[in-house]
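Q: Structure below; questions to follow.
The values are calculated or read from the model by the stated rules, or taken from the named source; none is laboratory data. Note that the structure is predicted; figures quoted are calculated from it, not measured. No Cβ is skipped: glycine too gets one built from the backbone with ideal geometry, and neighbour counts run over all protein chains shown. Side chains included, ligands, DNA and RNA excluded: accessible areas come from the protein's heavy atoms. Shrake-Rupley method; radii C 1.70, N 1.55, O 1.52, S 1.80 Å.
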Amino acid sequence: MRRGGEIRKARRGEAGLLAQLRRPPGGRDARIMLLAQLLDRAGTGVWAASSVLYFTFIVGLDAGRIGLLLGAAGVAGIAGSPLAGHLADRFPVRALLIGCHLVRLGTLCALLVVNDFAVLLPVFAVTHLGDRAAKTLEMLFATRVAGERRATYQALSRSSANAGYALGAGLAAIGLAVGTRGAYQVLILANALSFLVAAALVWRTREPCGRGLVAAPPGGGAPGTAGGAAPDPAAGSGESAWRDRGYLRFVLLDIPMNLDDSILGVGLPLWLVSHTTAPHALIPAFLVVNTVLVVVLQLRVSAKFQGARAATRAVALYGVTTLVCCVLLAAAAGGGILLASAALLAAAVLATAAELMRSVSSWELAVSLAPPEARASYLGVAGMAQSVQKSAGPLLLTGAVMTAGPAGWLVLGAAVAGLSLVQRRASLRRLDDLRAAAGERAAAEPASAR
């Protein structure tokens, strides 16, 4: 009994976050990439916390121009994912990722000397294009080096990324407290340095095998769709995601499955300020709750939803969780300080739970529903869902949902819950089609051999 207990304790220890970070799926290369992502996100956290203030107080832009700047960056970011996927079908992922880091390094350093808005606009847009392209390339790298354990790798990636964002925001707070031009410039250089170090770390990795191919877990998606399998007619006869209506339907439905990001970052703070009696000091707690829960729980949640069919369950749970979150937000507008504060904090927890579900389902289904011979370009198109949501989500919340009051949140929650069920059914149908097509090919192969 004692020996059995020791074995169970050892296994629990091995499954812990720190142990997994020491021995991630993909080995040495994955470990280096996770460190690169941590440093990259730390720099991004520094810039995200200070960029609006920098453009306001140092560059001297008004609110309208800052809005235009951020809007142009969002549009450029939408193009980053499919561009990265297209190039990854033709060039090594490792070299492309290094190039993205160096492009962002150059454009960010240019911000130190650029004050003309006409020049600032394209420079800032290119920075965001490189940012979205880099994120897509990181996941392509992960799916190749981690293989069928890519869900575990992604959980580790999200945990390290959130830790990096939190570290960066803390460092930015020091510079913002000083508030001088020199302090802001130091913050920009800190972000630029993170890109340089990340590029150097990526250079130390080895190029993952299977250019244009991404391994799918046996049993997680359709049988016979592992990397190198024959083209799948059920997924579209061509190799372009733009002509595959089934896959485009998945990407379109995946846009509202990313709304947790805007709810947490835009909806919660603005709703607190404009429609509740909760204290404004509660707003930083939303970020703290989100960061801590993602770091602590992402690995455990990912372990419960391994494979494509399990990911479809996570999609349904995403809808239910978002609906309850929206109900709490609606209820927060009608209560006193304590009730509003409790409802908003609970909504932040549920928005984070939705984020955990989304991180499991979105990428896993994007891989499993794509034809194996063109997964890189397909994943690039799938990455557009998050970029589109980042551009349209805040406008939806501020222009429609919050304008309608508590009823707006109820309608949003019901809509997301309904669309999540549509996404789940459509994904299961496509997986069944993939399985049937793979079975037909397997039956035809012995006959052709004879």
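Q: At what distance in nm do the modelled label points of V75 and A436 sit from each other, each positioned 7 Å from its Cα along Cα→Cβ?
A: Rounded to a tenth, the inter-label distance reads 4.3 nm.
Q: With a 1.4 Å probe and all protein chains left in place, how much of the accessible area of the chain comes from carbon and sulfur atoms, in whole percent?
A: Values: 12860 of 19030 Å².
Carbon and sulfur: 68 percent of the exposed surface of the chain.
Q: Mark the label point 7 Å from the Cα of A110 along Cα→Cβ and return the residues of the range 60-82 whose backbone N is within less than 16 Å of it.
A: Backbone N within reach: 69-70, 72-74, 76-77.
Q: Follow-up. For R245 and V52, FRET efficiency with R0 = 45 Å and r from the beta-carbon atoms, rounded to 0.05?
A: Efficiency, from the Cβ-Cβ distance: 0.70.
Q: Right, something else. At a Förster radius of 30 Å, what calculated FRET efficiency corresponds to the Cβ-Cβ distance of A281 and T403, to the nearest 0.05?
A: Approximately 0.70, to the nearest 0.05.
Q: Pick out which of R243, R158, R430 has the largest mean-square fluctuation in a Gaussian network model of the chain, springs linking Cα atoms closer than 10 Å.
A: Checking each option, the largest mean-square fluctuation is seen for R243.
Q: Mind checking which of I98, T398, L21 is farthest towards the positive end of the chain's charge dipole, using Cβ charges of +1 (Lys, Arg) and -1 (Asp, Glu) about the Cα centre?
A: Projecting each Cα onto the dipole axis, the largest value belongs to L21.
Q: Zone of V411 (label point 7 Å along Cα→Cβ, backbone N under 17 Å): which residues in the range 320-364?
A: Counting only backbone N, you get 323, 326-327, 329-331.
Q: Residue-wise, which Karplus ³J(HN,Hα) couplings in Hz belong to the range 189-204, taking 6.51 cos²θ - 1.76 cosθ + 1.60, θ = phi - 60°, and x for glycine or proline?
A: Whole-Hz 3J(HN,Hα) from phi for the range 189-204: 5, 5, 5, 4, 4, 5, 5, 5, 5, 4, 4, 5, 5, 4, 4, 7.
Q: For the range 355-420, just the Cα atoms, rotate onto the principal axes and tell me the three extents in Å, largest first.
A: The Cα atoms of the range 355-420 stretch 47, 21, 17 Å along their principal axes.
Q: Once a ≥ b ≥ c are taken as the square roots of the eigenvalues of the Cα gyration tensor of the range 83-162, is the result rounded (a/c under 1.5), prolate (a/b larger than b/c) or oblate (a/b not larger than b/c)?
A: prolate
Q: Next question, about the same structure. Taking the Cα atoms only, what angle lies between the long axis of helix 2-14 and the longest principal axis of the chain, rounded to 10 degrees?
A: Helix 2-14 and the main axis of the chain meet at about 60 degrees.
Q: Kindly express, to the nearest 10 degrees and within the range 0 to 90, the angle between helix 337-368's C-alpha long axis and the longest C-alpha principal axis of the chain.
A: 30 degrees
Q: Take the alpha carbon gyration tensor of the range 265-398, find the square roots of its eigenvalues, order them as a ≥ b ≥ c, and report rounded if a/c is under 1.5; if not, report prolate when a/b exceeds b/c, else oblate.
A: Numbers: a/c = 2.62, a/b = 1.95, b/c = 1.35.
Prolate shape, in that a/c is at least 1.5 and a/b is the bigger ratio.
Q: OK, next. Quick one: what are the phi-derived ³J(HN,Hα) couplings along the range 263-273, Karplus 6.51/-1.76/1.60 with θ = phi - 60°, whole Hz, x for glycine and proline?
A: 4, 6, x, 10, x, 4, x, 5, 5, 4, 5
Q: Could you check which residue among G418, G45, G267 shows the biggest mean-square fluctuation in a GNM of the chain with a 10 Å Cα cutoff?
A: Looking only at G418, G45, G267, the largest GNM fluctuation is found for G418.
Q: For the chain, state the average projected area of the convex hull of the C-alpha atoms over all orientations, rounded to one decimal in nm².
A: 24.3 nm²
Q: Provide Rg over Rh for the range 18-82; use the alpha carbon set for both Rg and the Kirkwood Rh (inverse mean inverse pair distance). It would help to have the intermediate numbers written out before the result.
A: Details: Rg = 17.4 Å, Rh = 14.6 Å.
Reported Rg/Rh (Cα atoms, Kirkwood Rh): 1.19.
Q: Okay, moving on. State the extension gain, in nm to one decimal, for the chain segment bounded by L428 and R181, taking 0.36 nm per residue of separation less the distance between their alpha-carbons.
A: Numbers: separation 247, 0.36 × 247 = 88.92 nm, distance 5.43 nm.
Additional length available on full extension: 83.5 nm.
Q: Name the residue, out of G130, G147, G67, whose mean-square fluctuation peaks in a Gaussian network model built on the chain with Cα pairs under 10 Å.
A: Largest GNM mean-square fluctuation: G67.
Q: While we're here: Quick check: the angle from helix 63-88's long axis to the longest principal axis of the chain, C-alpha only, nearest 10 degrees?
A: 20 degrees
Q: Evaluate the relative contact order of the chain (contact order divided by residue number), counting alpha-carbon pairs under 8 angstrom at least 6 apart; express in whole percent.
A: In percent, rounded to a whole number, it is 23.
Q: Fully extended, how many nm does the chain gain between L252 and W203 (0.36 nm per residue separation, minus their Cα-Cα distance)?
A: Result for the pair: 14.2 nm of gain on full extension.
Q: Just to confirm, what accessible area per residue do you get for the chain at 1.4 Å probe, in whole Å²?
A: 42 Å²
Q: Apply the a/c threshold of 1.5 to the C-alpha gyration tensor of the range 236-299 and tell me whether it is rounded, prolate or oblate. Walk me through the intermediate numbers first.
A: Details: a/c = 5.80, a/b = 2.26, b/c = 2.57.
Cα axes put the range 236-299 in the oblate bin.
Q: Continuing with this model, one more query. Viscosity 0.890 mPa s, temperature 25 °C: Stokes-Einstein D of the range 320-450 from its Kirkwood Cα radius, in µm² per second?
A: In µm²/s, the coefficient is 139.
Q: Subtracting the Cα-Cα distance from 0.36 nm times the residue separation, let me have the gained length for F117 to R28 in nm, one decimal.
A: Values: separation 89, 0.36 × 89 = 32.04 nm, distance 4.36 nm.
Separation in residues times 0.36 nm, less the Cα-Cα distance, equals 27.7 nm.
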